[in-house]
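The values are calculated or read from the model by the stated rules, or taken from the named source; none is laboratory data. Here the structure is a predicted model, which is why all the values come from computation and not from measurement. All Cβ positions, glycine included, derive from the backbone under ideal geometry; neighbour counts span all protein chains shown.
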């Protein structure tokens, strides 16, 4: 955290609405600055979207399952003179993930050395931490692909280094922040405008290689056609930094953040929902299901749309309610959590299944919302790495199909796509789970709406379109309510676990800065 924040909030109370990763991050920074911090979480367990399902001996992460950008977590814990290993055990995945291309002719040698013994009906590649192996994949699909991959990756690394230093770690949530001399100097060196699709096409013609460089856009809630080329940085995250796994799953990160907060003095109250926020002459008053509370300042780890629609009076909202209907939301998702007896064939810890042409699927999410006919989908099988998340001789399998936010959700629709994906796995991937599922659960649009108050049932937040990036995302500071702040994937720097960790730092910095100004004014007037 920039500046000397130690003790700057001594004697001040801050309530954090929501115990998601952004809220837990903000709570740690605020407590470290001396505030009396209480996290109010409506669910029985902390974590928000990054939650946990335990059933019949299986342990499923219900939300994020990729541990990327390890430098962000190291930096976070370092600010408290700690390291991640004090709270959870990390393993670097090798292979990192496997990609299956349905209805395709195999490319000989594309996936060596790890794919030689895998018998799958469709074309596939396995991505490892070995840069030379990745180059062989790109070279196998396209003449000159290996050299083009190196050039693409060099630009992605530059974008990442400059972007993180000047646009992510530094809070640029206001337009005036972009006038900083460092930003002005760094900006021309970045590929910021244009779409990711156009940017990748400058390097590669083969659609499979384009998919390998763009699949991470799903983590940002966008498509190749509406995500700015700036996010080519995700290829550096993928191919240079690697993919990790915290033992016990991503919920181990949530438990680590909560443990850190306890050490710093944070109080956690679960099963407490905030139903109203009012501005008073002595701070903010919160009405909750456990009674009325007062706090000097409040940080909402809840969507601004929910806060303005449900918790604030009309005169205290920053936007008309119609404003939130006009935003571009990241996809929702249909998730199935399967406890499976026996092996899972060619699946890896992380697997992705793509059709030859994924544009119709993206169109069904962003252009003409509807349930997809031929979807791409993702599978997580953490039990391949961690035998503690499933009983012996069983696997924990999570299937995620991205879908448009706001779609009509029903048990019949969930069952239809359960049957479709299980049939596709058997037919095209070579693993038949249909008669070996011993436990199953699902999440979809209605769950994200009801459990998390996510508008239109998005699973992630606001998409990273050009007009919803940087200062065009919701501010950390509410404009009409003094002392109210926002944190999480709906504000800057954006979607994803690392970004929400950083968002917590930014929100805390805003609180500290405003408290400092309040103190200066009080001394001046006194």
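Descriptive notes on the structure:
- Just one of (1) crowded, with 19+ Cβ neighbours inside 10 Å; (2) within 26 Å of the chain's Cα centre (by Cα); (3) farther than 30 Å from residue 72 by Cα fails for residue 433. It is (2).
One line per residue, one yes/no per condition, for (1) free of Cβ contacts under 8 Å to residues at least 12 places away in the same chain; (2) surrounded by fewer than 18 Cβ atoms within 10 Å (Cβ to Cβ):
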position	(1), (2)
423	yes, yes
426	yes, yes
441	no, yes
446	no, yes
450	yes, yes
453	no, no
457	no, no
460	no, no
468	no, no
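- Qualifying residue in region 18-36 (condition: surrounded by fewer than 19 Cβ atoms within 10 Å (Cβ to Cβ) and within 23 Å of residue 243 (Cα to Cα)): no
- Of all residue pairs spaced 6 or more apart or on separate chains, those with beta-carbon atoms under 8 Å, a first member in region 159-179 that is modelled with pLDDT of 75 or more and a second member that is part of a loop (DSSP other than H, G, I, E, B) and crowded, with 20+ Cβ neighbours inside 10 Å are 168/493.
- Of the residues making up region 312-339, those that are over 15 Å from residue 474 (Cβ atoms) and in a loop (DSSP other than H, G, I, E, B) are 313, 331.
- The set of residues from region 413-442 being in contact with a strand residue (DSSP E or B) (Cβ under 6 Å, 6 or more places away or on another chain) and not in a helix (DSSP H, G or I) comprises 433, 436, 437, 438, 439, 440, 441, 442.
- Of all residues in region 467-474, one or more are modelled with pLDDT under 75, part of a loop (DSSP other than H, G, I, E, B) and over 13 Å from the mean Cα position of the chain (by Cα).
- For region 261-285, a residue qualifies if it is assigned to a strand (DSSP E or B) and under 17 Å from residue 43 (Cβ atoms), and the qualifying residues are 267, 268, 269, 270, 274, 275.
- For region 357-376, the criterion of being part of a strand (DSSP E or B), more than 22 Å from residue 209 (Cα to Cα) and modelled with pLDDT of 95 or more is met by none of the residues.
- Here the condition is being surrounded by fewer than 20 Cβ atoms within 10 Å (Cβ to Cβ), modelled with pLDDT of 80 or more and out of contact with any strand residue (DSSP E or B) (no Cβ under 9 Å at 6 or more places or on another chain); of 232, 206, it holds for 206 alone.
- Flag for residue 58 being over 23 Å from residue 491 (Cα atoms), touching a residue at least 60 places away in the same chain (Cβ under 8 Å) and surrounded by fewer than 24 Cβ atoms within 10 Å (Cβ to Cβ): yes
- Qualifying residue in region 336-343 (condition: surrounded by 15 or more Cβ atoms within 10 Å (Cβ to Cβ), at pLDDT below 95 and touching a strand residue (DSSP E or B) at 6+ places or on another chain (Cβ under 7 Å)): no
- The set of residues from region 379-412 being part of a helix (DSSP H, G or I) and either without any contact (Cβ under 8 Å) to a residue 12 or more places away in the chain or more than 28 Å from residue 361 (Cβ to Cβ) (or both) comprises 387, 388, 389, 411, 412.
- Some residue of region 320-327 being in contact (Cβ under 8 Å) with a residue 60 or more places away in the chain and under 25 Å from the mean Cα position of the chain (by Cα): yes
- Considering 233, 257, 213, the condition of being within 21 Å of the chain's Cα centre (by Cα), closer than 28 Å to residue 40 by Cα and part of a helix (DSSP H, G or I) is satisfied by 257 alone.
- Which listed residue is surrounded by fewer than 19 Cβ atoms within 10 Å (Cβ to Cβ), touching a residue at least 60 places away in the same chain (Cβ under 8 Å) and touching a helix residue (DSSP H, G or I) at 6+ places or on another chain (Cβ under 9 Å), from 45, 12: 45
- With respect to the conditions (1) modelled with pLDDT of 95 or more; (2) surrounded by 15 or more Cβ atoms within 10 Å (Cβ to Cβ); (3) assigned to a strand (DSSP E or B), residue 91 lacks only one, and its number is (2).
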